[in-house]
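The values are calculated or read from the model by the stated rules, or taken from the named source; none is laboratory data. From a predicted model like this one, the values you see are computed outputs, not experimental measurements. Cβ coordinates were reconstructed from backbone atoms using ideal geometry, including for glycine residues, and neighbour counts include every protein chain displayed.
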Amino acid sequence: MFGRRTAEAPKPAESAAQKPKAAKPASPAPQPKPAQSAPQKAPQKAAAAVPPRVAAPAKAMEPIEVGGRSDEYFKTKTMIFNALIDTIDLSQLGQLDTESAAEEIRDIVNEIISIKNVQMSIAEQESLLQDICNDVLGYGPLEPLLARDDIADIMVNGSSRVFIEVGGKIQLTNVRFRDNAQLMNICQRIVSQVGRRVDEASPICDARLPDGSRVNVIAPPLAIDGAALTIRKFKKDKLRMQDLINFGSISPEGAKVLEIIGASRINTLISGGTGSGKTTLLNCMTGFIEHDERVITCEDAAELQLQQPHVVRLETRPPNLEGQGEVTMRDLVKNCLRMRPERIIVGEVRGPEAFDLLQAMNTGHDGSMGTLHANSPREGLQRVESMITMGGYNLPSKTIREMIVGSIDIVIQAARLRDGSRRITHITEVLGTEGDTIITQDLIVFEIDGEDEHGRIIGKHRATGIARPAFWDRAKYYGREAELAAALDAASE
Ligand SMILES: Nc1ncnc2c1ncn2[C@@H]1O[C@H](COP(=O)(O)OP(=O)(O)OP(=O)(O)O)[C@@H](O)[C@H]1O
Ligand SMILES: [Mg+2]
């Protein structure tokens, strides 16, 4: 059947827009460009690529206030906290439920405040009580940051430097831990929830907060200036394609093309740098999957939120304290194939599972998707090749490339630009091979026209003039070819 790609699928007679497996692309100008060619000449449209990083003059970062805590406040809090620790029996406190423990702490802290005759306003006293409860029972100084939904990442570099990413920009905050011991304590509290331990003996650990946020801890002696804690906040309200359009991450026409790609079951790879919005985009793309399809997702930490009713979610597992019981992404993807999936979605492809995903894409699981770290569509395809090579498959590179070309139809590139904005910079087709080289063709690129007076990048998503993309026939099969033509036409203006 047309909707399922099989090895011996009959080639339609009129194959103008069909994906040529080892042939020249049929589409008219502009000429496709080789994916693995020798040094490229000037980039096709200079501005379309990820822009060069401008070396801004180094300037000291002023910490931004979170919760309006002053130096004086931190001193008072440390003094009261120490008095509290001297007073209470922590092991007894541990036997109480959270509410009673918080009540107990509040009573004692109020007593300490009056005995020591500390002068503070009611509001300050309330924040102090809250902060101390957070320190003893919760995630301490991280709590106010965790409570905010506008923060994308929290990055703690030792006890006194806490950075956050808001609106694509990284900012230093005035949040700090009492000392490195408190920071380690909180790291330990986070990872112990998933049955793990972080200390000198096992100083690297991945974990997840109860709200779904992704956590990585690397402790001393590997982290030289105190534990480094990185949290990718889980966004309760995931961004949707309409939000991406509103932010200018993609144009309405580009979004339409993406919708047709998702609905026509085109195998898609989403490529991008760290935090460029790959997972968010993947989540949006899954929104175009029909409700009657059986979808299986494989992730390291479940981030995707598919709305379809027929979804099986799988998650990898790190080894336990004895180094046993690990379940890798490759195990999951391989197992998926025995679960009768129609589409397989891999959160992040970073190792030998690339081979299994390509196999799946090639054997009737059309419309499978995955993300990977790379700075351009071409680099993305090269990474797939090197992941397969490094996975120990002894295949000639020509075979691997043919496999890539036979599996991946579209690469979507996400990027975080220097002004902090996240954009889809390329929608690129994988056409075929010419000799040893993979041929790709950009359909839509983000062209940078300049900057406004606030340093924000101005640009436009433009179609490159391809009227009939290689997936035209598939779009036609799903009855979407007229919309595709209209979207590409509108994007060319
Ligand atoms: N187009 C966008 N506009 C604004 N914010 C975005 C956009 N896409 C993603 N974000 C936000 O950026 C943050 C990172 O997004 P996401 O997790 O999708 O990135 P990623 O590329 O998957 O990161 P990683 O490499 O760590 O897996 C999230 O907080 C997300 O809400
Ligand atoms: Mg991601």
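Quick rundown of the values:
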item	result
Inter-residue pairs, beta-carbon under 8 Å, first assigned to a strand (DSSP E or B) and in the range 335-350, second within 12 Å of ligand 2 (Cβ to nearest atom), 6+ apart	Ile345/Leu282; Ile345/Leu304; Ile345/Gly370; Val346/Glu299; Val346/Gly370; Val346/Thr371
Any chance Lys238 is surrounded by 21 or more Cβ atoms within 10 Å (Cβ to Cβ), under 21 Å from the mean Cα position of the chain (by Cα) and either within 21 Å of Ala302 (Cβ to Cβ) or of a type in the set (Gly, Ala, Ser) (or both)	no
Residue within the range 266-286 that is more than 16 Å from ligand 2 (Cβ to nearest atom) and crowded, with 23+ Cβ neighbours inside 10 Å present	yes
Tabulated pairs, the range 463-474, first of a type in the set (Lys, Arg), second surrounded by 23 or more Cβ atoms within 10 Å (Cβ to Cβ), C-beta under 7 angstrom, 6+ apart or interchain	Arg474/Ser264; Arg474/Ile266
Restricting the range 207-256 to residues that are touching a residue at least 40 places away in the same chain (Cβ under 8 Å) and acidic (Asp, Glu), the residue that is nearest to Gln307 (Cα to Cα)	Asp237
Residue in the range 391-401 that is surrounded by 19 or more Cβ atoms within 10 Å (Cβ to Cβ) and closer than 20 Å to Lys278 by Cα present	no
Unique match (being among the basic types (Lys, Arg) and either within 16 Å of ligand 2 (Cβ to nearest atom) or under 20 Å from the mean Cα position of the chain (by Cα) (or both)) among Arg383, Arg338	Arg383
Failed criterion for Gly323 (all others in (1) away from ligand 1 (no atom under 16 Å from the Cβ); (2) within 20 Å of the chain's Cα centre (by Cα); (3) farther than 25 Å from Asp473 by Cβ hold)	(2)
Of all residues making up the range 362-387, the number that are assigned to a loop (DSSP other than H, G, I, E, B) and either under 16 Å from Ser276 (Cβ atoms) or of a type in the set (D, E, K, R) (or both)	4
Odd one out for Gly370, checked against (1) at pLDDT below 95; (2) within 16 Å of ligand 2 (Cβ to nearest atom); (3) not charged (D, E, K, R)	(1)
Matching residues, the range 158-181, being in a helix (DSSP H, G or I) and either surrounded by fewer than 17 Cβ atoms within 10 Å (Cβ to Cβ) or touching a residue at least 60 places away in the same chain (Cβ under 8 Å) (or both)	Ala181
Search result, residues across the range 183-217 that are hydroxyl-bearing (Ser, Thr, Tyr) and crowded, with 19+ Cβ neighbours inside 10 Å	Ser213
Options Leu304, Leu244: the member that is crowded, with 17+ Cβ neighbours inside 10 Å and in contact with a Cys (Cβ under 9 Å, 6 or more places away or on another chain)	Leu244
Any hit, the range 398-406, residues being more than 16 Å from ligand 1 (Cβ to nearest atom), of a type in the set (Lys, Arg), in contact with a helix residue (DSSP H, G or I) (Cβ under 9 Å, 6 or more places away or on another chain) and in contact (Cβ under 8 Å) with a residue 60 or more places away in the chain	yes
Filtered residues of the range 299-318 (kept if away from ligand 2 (no atom under 13 Å from the Cβ), in contact with a strand residue (DSSP E or B) (Cβ under 7 Å, 6 or more places away or on another chain) and not aliphatic (A, V, I, L, M))	Gln308, His310, Arg313, Glu315, Thr316, Arg317, Pro318
Enumeration of residues in the range 317-330 that are surrounded by fewer than 18 Cβ atoms within 10 Å (Cβ to Cβ) and touching a residue at least 12 places away in the same chain (Cβ under 8 Å)	Pro318, Asn320, Leu321, Thr328
Helices (runs of 4 or more DSSP H) wholly inside the range 199-296 that include at least 3 residues being more than 12 Å from ligand 1 (Cβ to nearest atom), among the aromatic types (Phe, Trp, Tyr) and out of contact with any strand residue (DSSP E or B) (no Cβ under 8 Å at 6 or more places or on another chain)	none
